[in-house]
Amino acid sequence: MTNKQNFFVTTPIYYGNGLPHVGHFYSSTIANVIYKFHKISGDNARFTTWIDENSQKAVIKAEEEGMEIMDYLDSMAEWHKKVWDHFNFDYTDFIRTTETRHKNLVQKVLQKCFDKGDIYEGEYEWMYCVGCESFKKDDDLVYLNIEQNKTFPIKQGVKETPNIIKVCPDHLKAPDQIKEKNYFFKLTNYQTWTEEFYKANPEFVVPQFRFNEVIAFVERWLEDFSISRETNTFWIPLPFDNSQVTYVWFDALFNYYTSCISSRWGDKNNEEFIDERWIWEDDNSTKLHVVWKDIIRFHAIFWPAMLASYFDLWEKDSDWVLHYRKSDNKYLPNQILTWGYFTVDGQKMSKTIWNVIDPVPYSDEYSHELLTLYMLSGFPIGNDWDYDRKDAVLTYNAKLANNFGNLLNRVVVLTTKLDWSYLTSPSGKWIAATKDYLDDFNKKLSVYDLKWGLDETFMFLDVLNKYADTTEPWKLIKEDTERANAVLYILAEWLREVWLNLYCYFPEKMWEMFNRLGLEGYVEQLEQWKLEELRGRSEIFNITQKDWVLFERFEVEK
Ligand code: MSP
């Protein structure tokens, strides 16, 4: 990457009513890899991950646990942080929506949108699913036959009975019937604006098939949505009506902006909040949200319109229709990277049958790298996917323990026998092969193709393994030392380039390896955005210890 830019990646803010599972781990991993890639490449990068606390789910859970809500949320926030710190995720800000900095912003936004008439009062009777924290229409529900414990689509001619009820398909619970005073956001004002925004930004949602779903939904016509509740909870009160609190999505989505206008710096004892709104409001900034398909509509439809309202990102025509202006793009997110549902061993993750993979004990049993490798190389970001535990071990054994590990081992063991004074530079052919790999790797990671980055790396490692098989440096070392040195030099140098790339994916292991190979200081240099300086330079490895295993093999459970 040559053009340095501001780069901001976010995970969704996770509900603080449960602990993270592999689904959450997946989004944090994607964000972490992308963040690291931009950071080491020299970009001015930020990465935030947060907790969504102002939700009905948290209130219910705290009651069940017999705890005061804030005590409950504090303990959950602590847990979440512990999990992400366990994996050394490199987030630059960790934010809770109960923080003052966030509350201040949300109230400011609400007041502004209210003053300009984009928020209005109404009374509605709607269905609300607490599990999803969203309002539901008949289209969103299914029938549940309680006796048979079976669901089926809502069909004409079938009537609700005590035994057949309408439920949310994900939570299998009847939604709450709500009739109350609500404030609504005039999303309908932004119908034309949204359509024009999508046309001008054809890659706003990736992959494309998910964007097509969003576009089709918008074209069916938007509806205003509720932004408040009449409950007496601790959520953020509406500044213009204290009897109401902010509904979770209006509050939650604005967190992405909170972390820019009031960005956390320093450590726990020395914390300060800095105004970094330029990260959001700059033509040279890329803002990327990673989310799963369940929350695309909130991110791809509500969020741009809310920003358009707050920042006045429109032009009104004589019919009062609001139009999009390309010059306003700097206030809007650049891209939303989405994926589908995870199941585990073919089953939907469910806390009831307890097939949820808890990433901490799982990675303790196997390894952090196994989880990362399998989730990022098993399927392209975007699809629904099944986490097959057996396949995870097989993939890890094949790619990291064998392909990578064996080559590393060969090179390390043989290199300790080398006389480095014989070293000769690699030939032009090899330089060209590596250049292609490195260029492609950079290109693909720039468009967040993390699977490709891994696939291409393992293909390159295959080529290196073949090169070792045909040149047989273990024989050469006895017969032709000069040639053995040249071969090993090539292998070691190109492996070094691979490691530099894999640092974004497996930072702890690459750190361990750099240190063991006498490349101390590499991680520090990478973390100070100096990847380019480490490329293409001829290193002399100082290998003092040869019998260590970077990626141990695991048994496949029967
Ligand atoms: N709090 C909202 C997000 C607000 S963002 C302004 C929320 N939280 S969540 O905890 O329910 O889920 C957040 C994220 O967890 C999802 O976006 C996704 O990254 C991940 N996943 C949770 N369950 C998952 C699966 N079963 N499959 C794939 N990803 C999953 O939604």
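The values are calculated or read from the model by the stated rules, or taken from the named source; none is laboratory data. All figures in this text were calculated on a predicted structure; none of them were measured in a lab. As a convention, Cβ positions derive from the backbone with ideal geometry for all residues, glycine included, and neighbour counts pool all protein chains shown. What goes into the accessible areas is simple: the full protein's heavy atoms, side chains included, and nothing from ligands, DNA or RNA. Shrake-Rupley method; radii C 1.70, N 1.55, O 1.52, S 1.80 Å.
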For T343, distant residues with modelled amide H under 5 Å away
W385, D386, Y387
Simple spin-label estimate for L172 and W320 in nanometres, 7 Å along Cα-Cβ:
4.8 nm
Just tell me which aspartates and glutamates come within less than 12 Å, Cα to Cα, of K112; anything on the same chain fewer than 8 places away is out.
D312
Tell me, how many Å apart are the Cα centres for region 153-179 and for region 335-410?
35 Å
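Indicate the gyration tensor shape class of region 1-128 (rounded, prolate or oblate), computed on the Cα atoms with a ≥ b ≥ c the square roots of the eigenvalues: a/c under 1.5 is rounded; otherwise a/b larger than b/c is prolate and the rest oblate.
The shape class here is oblate.
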To one decimal place, what Kirkwood hydrodynamic radius in Å is obtained for the chain from all pairs of distinct Cα atoms?
26.0 Å
Let me know the charge dipole size of the chain about its Cα centre in debye, to the nearest 20, where only the beta-carbon of Lys, Arg (+1) and Asp, Glu (-1) is charged.
900 debye
I want the antiparallel fraction of DSSP beta bridges within the chain, as a percent rounded to 5.
55 percent
Considering only Cα-Cα distances, which of the following residue pairs are longer than 29 Å: K108/K330; K348/K466; K475/K546; K36/K81; K287/K399; K36/K348?
K348/K466; K287/K399; K36/K348
Cut-off under 5 Å, modelled amide H: who pairs with K173 long-range
C168
Do the sum for the chain: with -39,500 (n - 2.57) for every DSSP H run of n ≥ 4, divided by all residues, what is the mean residue ellipticity at 222 nm, to the nearest 500 deg cm²/dmol?
-13000 deg cm²/dmol
Pairing rule first: another cysteine's C-beta must sit under 4.7 Å. Under that rule, which cysteines of the chain stay single?
C113, C260, C504
In the chain, if the dipole is taken from +1 on Lys/Arg beta carbons and -1 on Asp/Glu beta carbons about the Cα centre, which of W249, N334, S538 is farthest to the positive end?
S538
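Are there chymotrypsin sites (Phe, Trp or Tyr not before Pro) in region 300-339 that DSSP puts in a loop and that have at most 10 other Cβ atoms within 10 Å, and which ones?
Answer by residue number: W320.
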Placing +1 on the Cβ of each Lys and Arg and -1 on the Cβ of each Asp and Glu in region 148-273, which of N149, F234, F204 has its Cα farthest towards the positive end of the resulting dipole?
N149
Inter-part distance where region 1-71 and region 523-558 are each reduced to a Cα centre, Å
28 Å
Counting only DSSP loop positions in region 273-369, the GluC sites (Glu not before Pro) whose Cβ has at most 16 other Cβ atoms within 10 Å are E281
How much solvent-accessible surface does D241 expose, in Å² to the nearest 10, with a 1.4 Å probe and all protein chains in place?
20 Å²
Counting other Cβ atoms within 10 Å, keep those with at most 13, restrict to DSSP loop, and tell me which trypsin sites (Lys or Arg not before Pro) in region 55-84 are left.
none
Please enumerate, by chain and number, the aspartates and glutamates with C-alpha under 12 Å from the C-alpha of K530, excluding those fewer than 8 residues away in the same chain.
D43
Candidate lysines - alpha carbon under 19 Å from K136, same-chain residues fewer than 8 apart omitted:
K57, K155, K159, K166, K173, K179, K181, K186, K293
Among V411, F551, G378, whose Cα lies farthest out toward the positive end of the dipole of the chain, if unit charges sit on the beta carbon of Lys, Arg (+1) and Asp, Glu (-1)?
V411
